[in-house]
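Following: one structure in structure tokens, then a few remarks.
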Amino acid sequence: GIKARASIATIGPAMTSQFATLGAWMKAHDVAATGAPLSIYHKFHIVAQETDYTAAIPVASVPASLPPEFTSGTLDVPRTYKLVHTGAYRHLASAWAAGMMHQNAKQFRANKNSPAFERYVTDPSATADAAAVAEVHLPAM
């Protein structure tokens, strides 16, 4: 994956670029994805309207030599509260808002020790906005 910090306003284009970089490297080095791309959110900076995250693509095993701007690791989140968003990715904030409302309504208890993440079920470059599917996973107890 590629770790980064981006403003909420610019995160879409930033991630698009990072996923393109990851995909091109994987293709050039014959590394196959084993699942849908993910964005793992490490920290939200509410006042600054920024987030620290990793744009990642799962693989069976970490290649021996990664470029210095790449990082590797595992995503170990024992339990999540999943929301499925269908529609343009630019409206994904609605799924996050719904998740926060469900948490406030005590539909699930948040696990503050694990990261939230998004899983992009469909490829936005190959899927019409209306058919795009993404999952928002909020860590739960």
If you scan the range 75-92, which residues turn out to be outside any loop (DSSP other than H, G, I, E, B), more than 15 Å from residue 36 (Cβ to Cβ) and open to solvent by 80 Å² or more (accessible area, probe 1.4 Å)?
90, 91
Can you give me the number of residues within the range 129-141 that are of a type outside the set (D, E, K, R) and surrounded by 17 or more Cβ atoms within 10 Å (Cβ to Cβ)?
7
Out of the residues in the range 93-141 that are in contact with a helix residue (DSSP H, G or I) (Cβ under 7 Å, 6 or more places away or on another chain), part of a loop (DSSP other than H, G, I, E, B) and more than 10 Å from residue 81 (Cβ to Cβ), which is modelled with the lowest pLDDT?
124
Residue 95 vs. criteria without any contact (Cβ under 8 Å) to a residue 60 or more places away in the chain and within 20 Å of residue 131 (Cβ to Cβ):
yes
Which listed residue, of 28, 9, 33, 48, is open to solvent by 40 Å² or more (accessible area, probe 1.4 Å), more than 21 Å from residue 80 (Cβ to Cβ) and without any contact (Cβ under 8 Å) to a residue 40 or more places away in the chain:
28
Pair list, Cβ under 8 Å, 6 or more apart: the range 107-128 residue over 13 Å from residue 79 (Cβ atoms) and open to solvent by 70 Å² or more (accessible area, probe 1.4 Å), other residue among the aromatic types (Phe, Trp, Tyr) and modelled with pLDDT under 95:
124/89
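The values are calculated or read from the model by the stated rules, or taken from the named source; none is laboratory data. On a predicted model such as this, the values are computed, not experimentally measured, just so you know. Cβ atoms come from the backbone with ideal geometry, glycine included; neighbour counts cover every protein chain shown. Each accessible area value is taken on the protein alone, full model and side chains, heavy atoms only, with ligands, DNA and RNA left out. Shrake-Rupley method; radii C 1.70, N 1.55, O 1.52, S 1.80 Å.
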